[in-house]
1. LEU91 fails exactly one of the following numbered conditions: (1) free of Cβ contacts under 8 Å to residues at least 60 places away in the same chain; (2) under 11 Å from VAL112 (Cβ atoms); (3) not polar (S, T, N, Q). What is the number of that condition?
2. Return the residues of segment 103-128 that are over 22 Å from ALA60 (Cα atoms) and surrounded by 12 or more Cβ atoms within 10 Å (Cβ to Cβ); say none if nothing qualifies.
3. Looking at segment 249-261, is at least one residue closer than 30 Å to GLY99 by Cβ, away from the ligand (no atom under 14 Å from the Cβ), in a strand (DSSP E or B) and β-branched (Val, Ile, Thr)?
4. Could you grab the pairs with beta carbons closer than 9 Å, sequence gap of 6+ or different chains, first residue in segment 98-123 and under 20 Å from VAL65 (Cβ atoms), second one among the aromatic types (Phe, Trp, Tyr)?
5. Within segment 266-276, does at least one residue satisfy the condition of being of a type in the set (Asp, Glu), over 19 Å from LEU337 (Cα atoms), surrounded by 15 or more Cβ atoms within 10 Å (Cβ to Cβ) and outside the structural domain of LEU160 (by TED's automatic domain parsing)?
6. With respect to the numbered conditions (1) closer than 20 Å to GLY176 by Cβ; (2) touching a residue at least 40 places away in the same chain (Cβ under 8 Å); (3) within 14 Å of the ligand (Cβ to nearest atom), which one is the sole condition not fulfilled by VAL138?
7. What's the number of the only condition in (1) within 13 Å of the ligand (Cβ to nearest atom); (2) assigned to a strand (DSSP E or B) that GLY189 fails to meet?
8. Residues in segment 204-223 that are in a strand (DSSP E or B) and in contact (Cβ under 8 Å) with a residue 40 or more places away in the chain: how many?
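The values are calculated or read from the model by the stated rules, or taken from the named source; none is laboratory data. Just so it is clear, the model here is predicted, and its values are computed rather than measured. Note that we place each Cβ from the backbone using ideal geometry, even for glycine, and neighbour counts take in every protein chain shown.
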Amino acid sequence: MPVHDPEHGPNGFDLHALSGNLCRCTGYRPIRDAAYTLGSPEADDPLQQRLAQPAPQPVATDAEVDGARFVRPATLAEALRILHDEEDALLVAGSTDWGVEVNIRGRRAPLVVAIEQLPELRTLTVGDDVASGADGYVEIGAALPLSDIEKRLDGRVPLLAQLLPQFASRLIRNRGTLGGNLGTGSPIGDTPPALLALRASVVLASVAGEREVDLADYFTGYRQTVKQPDELIKAIRIPLPLATTTAFQKIAKRRFDDISSVAVAFALDIDGGVVTGATIGLGGVAATPLRARATEEALIGRPWDIATVKAASEVLRGEGTPMSDHRASSAYRSHMLGTALLKLYSQTTLASKEVSA
Ligand SMILES: Cc1cc2nc3c(=O)[nH]c(=O)nc-3n(C[C@H](O)[C@H](O)[C@H](O)COP(=O)(O)OP(=O)(O)OC[C@H]3O[C@@H](n4cnc5c(N)ncnc54)[C@H](O)[C@@H]3O)c2cc1C
């Protein structure tokens, strides 16, 4: 029986399958209506049968065309060896970021190293039961596609469960990775604010071994990080226990397939009406993603009430050094920071009223 909800037509057509491909001149509604009126394929339809098969697995490759080389190494050790030996090597995982550089900006790399199939980079482990609040960590392989993270975590890290549906669209999430999002060093990627709020660290690997870097120390300047050219991001570690109150707020011009103008991620512990812990990650308001440390200090140890929230909101409004660009003015960005905590407060008080009603 086909799924029928606001995002699926009566014939089960999943609107997200078209996400990012819709024609802006025709408009979205006529295309949606046409897709919804299509019948279902016959059971013996060859394409329908093909859909039931798993996608063919890419194999290890080393090919050279017109002086440009593409390598898909079979092992992590091989990938690290290439990174060590070839200073021109460019890593590619889902290529949702690098692909835009190639298509739109005409960039080319003499040596592309595809790491998206390396099993060592596609792991996901939850050290201890997240729900039990025990110590340990969640470790996510840097090349595991975001859709797989969504599925495999299945809501166990609520901040990521809130963020991921807002990240690009299903098509991009099927390919894009955390390693790629952090690998660009961009100040407007969506995952850094959330991972900062979660106090995550990155595991960097090279032929010399591995080192773990707190994400708060990872970004050093505009698109600059502590990662050395011969290193790759192997995994992201999120320490447990998780904060009890988390939220991700993305301000963007479009709901899907758009980069944030501002992103704010909160991870608070509120115990007996008092804020006992606060970690806040920001994106889009400085040359790097950053922690809102002054705001965190303005919250910790204070009652979770409107007076604290209003005072801390003024501090949050002043965090970062937002600039004006085609996405938003610096004043707008600061204003969005100034309202973020109020929004979270209204959500938490609404939720507690619903529970007590
Ligand atoms: C239509 C569209 C919508 C988008 N929407 C969003 C959005 O909402 N939010 C958002 O944050 N981004 C968005 N993006 C950007 C992009 O999808 C993300 O940055 C994604 O996480 C990149 O992952 P990837 O695996 O595709 O990276 P790739 O394109 O493969 O690589 C990106 C960069 O990271 C490096 N890299 C990749 N993996 C590693 C690794 N393991 N270690 C070290 N370096 C590495 C590469 O060398 C390259 O420089 C969007 C892109 C498109 C095309």
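1. (1)
2. Pass one, segment 103-128, residues over 22 Å from ALA60 (Cα atoms): 103-107, 124-128.
If the condition is that a residue be over 22 Å from ALA60 (Cα atoms) and surrounded by 12 or more Cβ atoms within 10 Å (Cβ to Cβ), then LEU124, THR125, VAL126, GLY127, ASP128 are the ones that fit.
3. No, segment 249-261 has no match at all.
4. Once the first residue is under 20 Å from VAL65 (Cβ atoms) and sits in segment 98-123, its partners that are among the aromatic types (Phe, Trp, Tyr) give ARG107/TRP98; ALA109/TRP98; LEU111/PHE70; VAL112/PHE70; VAL112/TRP98; VAL113/PHE70; ALA114/PHE70.
5. Yes, segment 266-276 contains a residue that is of a type in the set (Asp, Glu), over 19 Å from LEU337 (Cα atoms), surrounded by 15 or more Cβ atoms within 10 Å (Cβ to Cβ) and outside the structural domain of LEU160 (by TED's automatic domain parsing).
6. It fails just one condition, (3).
7. (2)
8. Final tally of qualifying residues: 5.
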